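Q: My structure is below; once you've seen it, I'll send some questions.
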Amino acid sequence: MLKLEARPEPSSRMAIASPLIALAITLLIGVMLFWILGKDPLKGLQIFLVEPLKNLYGLAELSVKATPLILIALGLSVCYRSNVWNIGAEGQYIFGALGGGWVAMQAGPGTEWMGHAFVIPVLLAGMLAGMFWAGVVALLRDRFNANEILVSLMLVYVADLLLGWLVNGPWQDPSGHNFPQTITFLAQTKLPRLIPGLRAHVGLLVALVAVVCFWIFLFRTYRGFALQVGGLAPAAARYAGFSAQGALWVALLISGGMAGLAGALEAVGPLGQLTPYVPSGYGFAAIIVAYVGRLNPIGILFSGFLMSLFYIGGELAQSRLGLPKALTGVFQGLLLFTLLACDTLIYYRVRWHQSATTSAGSATLAAASKEA
Amino acid sequence: MEGLELLIAASLNAGTALAIAGIGLLINERAGIMNLGAEGMMLVAAVAGFATAVHTGNPWLAFVVGMLVGAALAACFGVLVIWLNTNQVATGLALSLFGGGFSAFIGIPYVQEKLGEQPQFHIPLLGDIPFLGPALFRQHPMVYIAMLLVAVLAWFLYRTRAGLVLRAVGESPESAHALGYPVRRIRLLAVVAGGAMCGLAGSYISVIYTPLWIEGMIAGKGWIALALTTFATWRPARVLLGAYLFGGVTMLQFYLQGRGVHVPSQFLSMLPYLSTVVVLVLISRNAAWIRANMPASLGKPFFPGS
C-alpha cells in the first residue's frame with residue numbers, strides 16, 4: 001500500500017516541480033474532457049495552449065490579461081505569506097476601477113495641459129480606492145476580530161452592486177441611450193499602448209516593475225521578513241516584537257492597493273469606460289495565480305501568463321470549437337486543486353509498502369492502518 | 001400590516017437553504033474542519049439537482065442527486081485536507097472556484113429550461129388559520145424537514161455518544177486519538193455529511209426556491225452559511241434562527257419595494273451581504289467569547305503519530 005512519509009525537511013525541488021506536475025494532471029484531465037465532449041483532444045489542447053502564442057496579436061492579448069492577474073497576485077502573495085486571508089481582491093479591483101474611473105471622468109478642457117500624465121492621478125486614485133476597500137476589512141479584523149475571509153468576500157458583492165448603481169444612476173452617460181455605462185474616457189486619460197494597433201499597454205511594464213519591487217520587499221527588507229515570520233510562526237514573531245496588527249494592515253493595504261491599481265489600469269486601458277462588466281473574475285483567478293506561482297514574485301510572473309493563456313484559450317475554444325467559455329473556470333479550479341494535492345510531495349514522500357503475507361506482518365499492518 | 005404573513009412565509013422559505021447548508025457546515029466545524037468550498041458544492045449540486053428535476057420531474061430525486069454530488073465533492077476536499085494535510089482555507093477556496101467554473105460549464109444546456117408547475121402545499125386545518133396559516137403552514141415540506149434536521153442534529157451532538165466523539169475530535173483530536181478513536185475517518189465522515197447537506201441546500205435553491213438555473217445563482221449563500229456558524233457560536237438551534245433572520249433580510253428588499261420605498265434596488269440587494277458583515281462584527285467583537293465557543297482545533301490539521 002502507499003504510505004506518506006514525512007521528509008526530514010521540505011523538498012525545494014518538489015516546490016518547483018509541483019506546479020508542473022499539477023499542470024500536467026490538469027492537461028490530462030483536459031484531454032479526457034475534450035474526448036468526452038467529442039472534440040479532438042490534440043486540436044483542443046493546441047487551441048488552448050499553442051494558438052494564442054502564434055502571432056503578435058495573440059501575445060499582446062496575452063499580456064493584456066496577464067497584467068491585472070500578476071498585479072493582484074503580487075499583492076495577494078504578501079497577504080497569504082503573512083497568513084492574512086484576503087479573498088475579496090475582486091471587490092478591491094472593482095473599487096480601483098471606480099476610483100480610477102471617477103478621476104478619468106474629471107478630465108476635460110481644463111486638464112489638457114497635463115497631457116498623458118493625467119494617467120498618474122487616475123492610477124493613484126485606483127490604488128487608494130482599492131486600499132480603502134481592503135482597509136475596511138483590516139479595520140473590522142483589527143478592531144472587532146471579524147473573520148477577514150468572510151468580510152472580504154461579502155464586500156465583493158457590495159462593490160459589485162455599488163458599481164451597478166453608479167453606472168445605472170449618478171455616473172450614467174446622459175447621451176448613452178440609457179445603457180448602463182459611463183461616458184467613454186477622454187483620450188488623454190487612456191493608457192499609452194506599447195505597439196500601435198495592439199491592445200498591449202504600459203500596464204505590462206508596471207507589472208514587470210512591480211514584480212521586481214515585490215521580490216525586493218519580500219526577500220530583502222526588514223518589513224517583508226517580519227511579515228513572513230508572522231505568517232509562518234506567529235509566536236516567534238510576537239517574541240521578536242513584530243506586530244501582528246501591523247502585519248495585518250500592511251498585508252491588506254498592499255493587496256488592496258495592487259488590486260485597485262489593476263482595476264484602474266483595466267478601466268482606462270482595455271475598457272475605456274465603466275460598465276457592469278468591469279468585474280471579470282480576475283480577483284479570484286489571481287488567487288490561483290498566487291498559489292501556482294508559489295507566492296513568489298518571479299513565479300507569479302510565469303503563472304500570470306499561464307492563467308492568461310487559459311483565458312484566451314477558452315475564448316478561442318469557444319469561437320473555433322464551439323466549446324463553452326466556462327471551460328476556463330474548470331481548468332483554473334482544477335489546476336489549484338491538483339496543485340494543492342501535489343504540494344503534499346514537498347513535505348512528504350510516497351513510499352510503497354510491500355503487503356506482508358505473514359500473520360505478524362499483517363498484524364503490524366492492521367496496527368498501522370488503525371493509526372491512519 | 002398586510003403582506004406581513006407573506007414576508008414571514010418567504011423568509012422561512014429563503015432561510016431554509018441557509019439553515020440546511022449552515023448545519024452541514026456546523027457538523028464539519030464541530031469536527032474541526034472548515035470547508036470554504038460550500039459555495040462551490042452548492043453550485044454544482046444546484047445544477048445537478050436542477051438537471052435531475054428537468055429530466056425526471058421528481059424534486060425528491062433531485063435532492064438525492066444534489067446530496068450525492070455535494071458528498072462526492074466534499075470527499076475530494078476531505079481526502080486532501082485530512083490525509084494529504086493541505087491547507088484548509090486554500091483547498092476550500094479551490095473547491096469554490098472549481099465549483100463555480102464546473103457548474104457554469106455543465107449547466108449551459110439547462111439555462112433556458114423551466115420546471116413544470118410546482119404543487120401548492122397546504123397543511124389541512126393549520127393552513128386555514130388566519131395569518132398564521134399563510135405565514136407558517138403553507139410551505140414546501142423541506143422547510144419543515146430542515147427544522148427537523150436541526151433538532152436531530154442538536155440531539156445527536158449533545159445527547160449521543162457519537163455526537164460526543166464528534167465534538168471531542170473537533171476540540172482535541174489528540175485526546176480522541178489517544179482514546180482510540182479513528183480521528184481522520186471521523187473527520188472525513190463529518191466532511192462528507194456536511195457536503196451532502198450543502199448539496200441538499202443547493203438543489204433546494206435551484207429546484208424549489210428559484211426554481212431555475214443561472215450561472216453563479218447561489219450568489220454568496222454558501223459564504224453566508226459559513227458566517228452563520230460563527231453567528232450561531234456553533235449551536236444548531238441558533239443556526240436555524242440566524243438562517244431565518246438572513247432569509248428575512250433577503251426578502252425585505254422585495255417587501256420594501258412592494259411598499260413603494262424609493263431606495264435604488266442595488267442598495268436593497270446589498271442588505272444580506274452588509275448584514276453578514278455587521279453580524280460578524282457584532283458576534284466576533286468579544287474575542288474571548290468566540291474562543292470559548294469555537295471548536296478548539298477548528299482549521300488545524302491533525303496527523304496521528306507526530
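The values are calculated or read from the model by the stated rules, or taken from the named source; none is laboratory data. This one's a predicted model, so the numbers in the text were calculated from it and none came from an experiment. A quick note on method: Cβ atoms are made from the backbone with ideal geometry, for glycine too, and the neighbour counts reach across all protein chains shown.
Q: Which condition from (1) farther than 19 Å from B:Leu226 by Cα; (2) among the small types (Gly, Ala, Ser); (3) buried (at least 18 other Cβ atoms within 10 Å of the Cβ); (4) away from chain A (no Cβ under 12 Å) is the one that B:Ser269 breaks?
A: (4)
Q: Return the pair list, or none, for Cβ contacts closer than 9 Å from residues in the range B:205-226 that are without any contact (Cβ under 8 Å) to a residue 60 or more places away in the chain to residues that are surrounded by 20 or more Cβ atoms within 10 Å (Cβ to Cβ) and part of a loop (DSSP other than H, G, I, E, B), at least 6 apart or on different chains.
A: Partner pairs satisfying both residue conditions: B:Thr210/B:Met217.
Let's see how each residue does on (1) out of contact with any Ser or Thr (no Cβ under 9 Å at 6 or more places or on another chain); (2) within 22 Å of A:Val330 (Cα to Cα):
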{"residue": "B:Tyr204", "(1), (2)": "no, no"}
{"residue": "B:Ala219", "(1), (2)": "yes, yes"}
{"residue": "B:Trp223", "(1), (2)": "no, yes"}
{"residue": "B:Gly247", "(1), (2)": "no, no"}
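Q: Looking at B:Pro119, B:Pro109, B:Pro134, B:Pro130, can you tell me which residue is in a helix (DSSP H, G or I) and either more than 14 Å from chain A (Cβ to nearest Cβ) or under 22 Å from B:Gly15 (Cα atoms) (or both)?
A: B:Pro134
Q: While we're looking at this one, here's another question. If the Cβ limit is 7 Å and pairs must be 6+ apart or interchain, which residue in the range B:76-92 that is within 7 Å of chain A (Cβ to nearest Cβ) pairs with which residue that is among the acidic types (Asp, Glu)?
A: B:Thr86/A:Asp343
Q: Here are A:Leu20, A:Leu2, A:Leu28: which of them is on the phi < 0 side of the Ramachandran plot, of a type outside the set (D, E, K, R), surrounded by fewer than 16 Cβ atoms within 10 Å (Cβ to Cβ) and in contact with a strand residue (DSSP E or B) (Cβ under 7 Å, 6 or more places away or on another chain)?
A: None of the others qualify; the one that does is A:Leu2.
Listed here are the residues, each with its yes/no results for (1) in a helix (DSSP H, G or I); (2) charged (D, E, K, R); (3) in contact with an Asp or Glu (Cβ under 9 Å, 6 or more places away or on another chain); (4) more than 28 Å from A:Ala159 (Cα to Cα).
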{"position": "A:Ala237", "(1), (2), (3), (4)": "yes, no, no, yes"}
{"position": "A:Tyr277", "(1), (2), (3), (4)": "no, no, no, no"}
{"position": "A:Gly283", "(1), (2), (3), (4)": "yes, no, yes, no"}
{"position": "A:Ala286", "(1), (2), (3), (4)": "yes, no, yes, no"}
{"position": "A:Ser308", "(1), (2), (3), (4)": "yes, no, yes, no"}
{"position": "A:Ile312", "(1), (2), (3), (4)": "yes, no, yes, no"}
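Q: Sticking with this structure for a sec: For the range B:210-221, which residues satisfy the criterion of being under 14 Å from the mean Cα position of the chain (by Cα) and either surrounded by fewer than 20 Cβ atoms within 10 Å (Cβ to Cβ) or away from chain A (no Cβ under 14 Å) (or both)?
A: Passing the criteria: B:Ala219, B:Gly220.
Q: Return the residues of the range B:1-48 that are among the hydrophobic types (A, V, I, L, M, F, W, C), part of a helix (DSSP H, G or I) and more than 18 Å from B:Leu73 (Cα to Cα); say none if nothing qualifies.
A: B:Leu4, B:Leu6, B:Leu7, B:Ile8, B:Ala9, B:Ala10, B:Leu12, B:Ala14, B:Ala17, B:Leu18, B:Ala19
Q: Which of the residues that make up the range A:318-337 are surrounded by fewer than 24 Cβ atoms within 10 Å (Cβ to Cβ) and more than 8 Å from chain B (Cβ to nearest Cβ)?
A: Once the filter is applied, which keeps residues that are surrounded by fewer than 24 Cβ atoms within 10 Å (Cβ to Cβ) and more than 8 Å from chain B (Cβ to nearest Cβ), the range A:318-337 yields A:Gln318, A:Ser319, A:Arg320, A:Leu321, A:Gly322, A:Leu323, A:Lys325.
Q: If I filter the range A:145-166 for residues that are facing chain B (nearest Cβ under 7 Å), modelled with pLDDT under 95 and at positive phi, do I get at least one hit?
A: Looking for residues that are facing chain B (nearest Cβ under 7 Å), modelled with pLDDT under 95 and at positive phi, one finds at least one in the range A:145-166, hence yes.
Q: Same structure again: Just the residues that are surrounded by 19 or more Cβ atoms within 10 Å (Cβ to Cβ) and not in a loop (DSSP other than H, G, I, E, B), please, taken from the range A:166-187.
A: A:Leu166, A:Val167
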